[in-house]
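Below: the structure, in structure tokens.
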């Protein structure tokens, strides 16, 4: 993997793969790593557990946009 950025998301891939992703090409998920974190805020007392949750996500880019799954880990 050539380049990674860290903030609320991280994408790692070779320069060639990042270029294909930037052009909107479909790229097999095995060619790059795309992770994200999610913070949820709610005023609902019934959903307060979401405010305290630690979430991570696994993502992939497709021609139509980004697809990701979010998981509660703690």
(message) Using a 7 Å offset from Cα along Cα-Cβ at residue 54, what residues in the stretch 31-48 end up with backbone N under 14 Å from the label point?
(response) 37-39
(message) At a threshold of 8 angstrom on Cα-Cα distance, excluding pairs fewer than six apart, so keeping six or more, what relative contact order does the stretch 9-72 reach in percent?
(response) 30 percent
(request) For the chain, just run the numbers: alpha carbon Rg, then divide by 2.2 N^0.38 Å, N being how many residues it has. (result) 1.32
(message) At a 10 Å Cβ-Cβ cut-off, how would you order 71, 32, fewest neighbours first?
(response) 71, 32
(request) Run the quick spin-label model on residue 63 and residue 39: label points 7 Å from Cα toward the beta carbon, then report their separation in nm to one decimal. (result) 3.7 nm
(request) Any chance you could run the full-extension gain for residue 12 through residue 74? It's 0.36 nm times the residue separation minus the Cα-Cα distance, nm to one decimal. (result) 19.8 nm
(message) Taking the number of other C-beta atoms within 10 Å as the exposure measure, put 21, 47 in order starting with the fewest.
(response) 47, 21
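Counting only helical runs of four or more DSSP H residues, what would the 222 nm mean residue ellipticity of the chain come to if each run contributes -39,500 (n - 2.57) and the total is spread over all its residues?
Working: 2 runs with 14 residues, N = 74.
Per the formula, -4500 deg cm²/dmol.
Readers should treat all values here as calculations from the given coordinates under stated rules, not as data from a laboratory. Here the structure is a predicted model, which is why all the values come from computation and not from measurement. FYI the Cβ positions are ideal-geometry reconstructions off the backbone, even for glycines, and counts take in every protein chain you see.
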